[in-house]
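J.: One structure is given below, represented as structure tokens, and several questions about it will come after.
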Amino acid sequence: MKKTFLTLIIIIVGYRAFPQNFSPTSSINNTGAANNFWGGYTFAYATSGSPWNGAFMSFGGFPANDYDCQISTDYGPHGGNHISFRTRNGDAGTWNNWYEIWHSGNLNNSNTDFTAKNIYAGGNIGIGTTQPDQKLTVVGTIHSSEVKVDNNMPPPDYVFEKTYKPIDLTTLKAYLDKNHHLPEIPSAAEMIKNGLNLGEMNLRLLKKVEELTLYIIDKDKQLAEQNIKLSDQQQSIKSQQAQIDELREQLKSITKFHSPIGRRR
């Protein structure tokens with residue numbers, strides 16, 4: 001117990017025997033000066049190794065700057081709203097990288113680039129607008145290599161079920177003449193007013209393509225049947241023509257036999 005108590009006293013005295021002072025220095029600007037600055041505050045120029053020209057401090061709990069934390073601020077040339085920090089790895093004897101502290105001053109402007117792995121928002125996000133009305137509102141062009149949309153309505157494969165009957169073309173033409181747009185497709189006025197739901201519109205257009213496929217298949221069937229009938233009619237015409245030609249030849253023979261010349265012979 002006495003040995004443990006004595007060890008604890010030695011540790012406490014050791015920590016208190018080597019305190020790190022926190023003293024002011026006018027400025028630093030020489031190359032690498034930031035790496036060797038500790039236990040105080042100053043004005044650091046970027047030439048010294050700080051990320052910004054401005055107030056600079058270095059502090060820690062051990063002598064020298066083996067485990068210091070340094071803070072660098074921008075006094076104005078870059079907007080006066082930047083704060084960065086770094087720490088020193090005393091075990092390895094190296095400084096870790098500088099990291100900027102993000103806050104309302106350097107995020108809420110149009111000149112800041114922001115990189116993150118994931119961004120989570122409980123409200124709406126606006127790009128190109130300060131009044132987003134949906135989870136993501138973009139005023140401008142979206143450039144993407146791929147867009148994945150969840151379906152809120154069933155895909156129209158049911159169109160190819162044997163029980164499905166598309167609208168007949170006569171009725172469809174009457175609808176088009178009256179409404180000037182396909183059934184189940186919003187009119188131009190509705191599109192302008194309400195915009196388009198991409199997932200829903202793509203499924204509706206797919207349904208129209210599938211129905212069009214049915215129309216084409218049906219027309220192809222009708223055309224094939226007509227071609228068969230036409231071929232049969234052509235064969236019938238050829239047969240009738242052959243019979244007519246034969247009758248003509250017989251008629252010529254009969255006429256020739258009953259003529260005066262034919263009788264003299």
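J.: Pull out all pairs, ordered by first then second residue, where Cβ-Cβ is under 6 Å, the residues are six or more apart or on different chains, the first lies in the stretch 220-243 and is at pLDDT below 90, and the second is in a helix (DSSP H, G or I).
T.: Pairs found: none.
J.: May I pose another question? Return the residues of the stretch 50-101 that are polar (S, T, N, Q) and touching a His at 6+ places or on another chain (Cβ under 9 Å); say none if nothing qualifies. Spell out how you get there, then give the answer.
T.: Of all residues in the stretch 50-101, those polar (S, T, N, Q) come to 50, 53, 58, 65, 70, 72-73, 81, 84, 87, 89, 94, 96-97.
Those that are polar (S, T, N, Q) and touching a His at 6+ places or on another chain (Cβ under 9 Å): ASN53, SER72, THR73, ASN81.
J.: Further, regarding this structure: Taking PHE62 as meeting all but one of (1) outside the structural domain of GLY40 (by TED's automatic domain parsing); (2) closer than 18 Å to PHE22 by Cβ; (3) of a type in the set (A, V, I, L, M, F, W, C), write down the number of the exception.
T.: (1)
J.: Mind checking whether some residue in the stretch 89-103 is in contact (Cβ under 8 Å) with a residue 60 or more places away in the chain, touching a strand residue (DSSP E or B) at 6+ places or on another chain (Cβ under 6 Å) and outside any loop (DSSP other than H, G, I, E, B)? Give the derivation first.
T.: Our first condition is that a residue be in contact (Cβ under 8 Å) with a residue 60 or more places away in the chain; within the stretch 89-103, this holds for 95.
Restricting the remaining residues to those that are touching a strand residue (DSSP E or B) at 6+ places or on another chain (Cβ under 6 Å) gives 95.
Next, only the ones that are outside any loop (DSSP other than H, G, I, E, B) stay: 95.
The answer is yes, given that some residue of the stretch 89-103 is in contact (Cβ under 8 Å) with a residue 60 or more places away in the chain, touching a strand residue (DSSP E or B) at 6+ places or on another chain (Cβ under 6 Å) and outside any loop (DSSP other than H, G, I, E, B).
J.: I'd like the residue in the stretch 110-133 that is in a loop (DSSP other than H, G, I, E, B) and surrounded by 10 or more Cβ atoms within 10 Å (Cβ to Cβ) and, out of all such residues, is modelled with the lowest pLDDT.
T.: From the stretch 110-133, those in a loop (DSSP other than H, G, I, E, B) are 110-124, 128-133; that's our starting set.
Filter once more, so that each one left must be surrounded by 10 or more Cβ atoms within 10 Å (Cβ to Cβ): 112, 124, 128-129, 132.
Values: THR112: 72, ASN124: 94, GLY128: 90, THR129: 92, PRO132: 93.
For the stretch 110-133, the residue satisfying everything is THR112.
J.: What pairs come up if the first residue lies in the stretch 194-209 and is assigned by TED's automatic domain parsing to the domain that holds ASN152 and within 16 Å of VAL159 (Cα to Cα), the second is of a type in the set (Val, Ile, Thr) and assigned to a helix (DSSP H, G or I), and their beta carbons are under 7 Å apart, counting only those six or more places apart or on different chains?
T.: LYS207/VAL159
The values are calculated or read from the model by the stated rules, or taken from the named source; none is laboratory data. Because the structure is a prediction, the values reported are computed rather than measured. Virtual Cβ from ideal backbone geometry, glycine too; neighbours counted across all protein chains shown.
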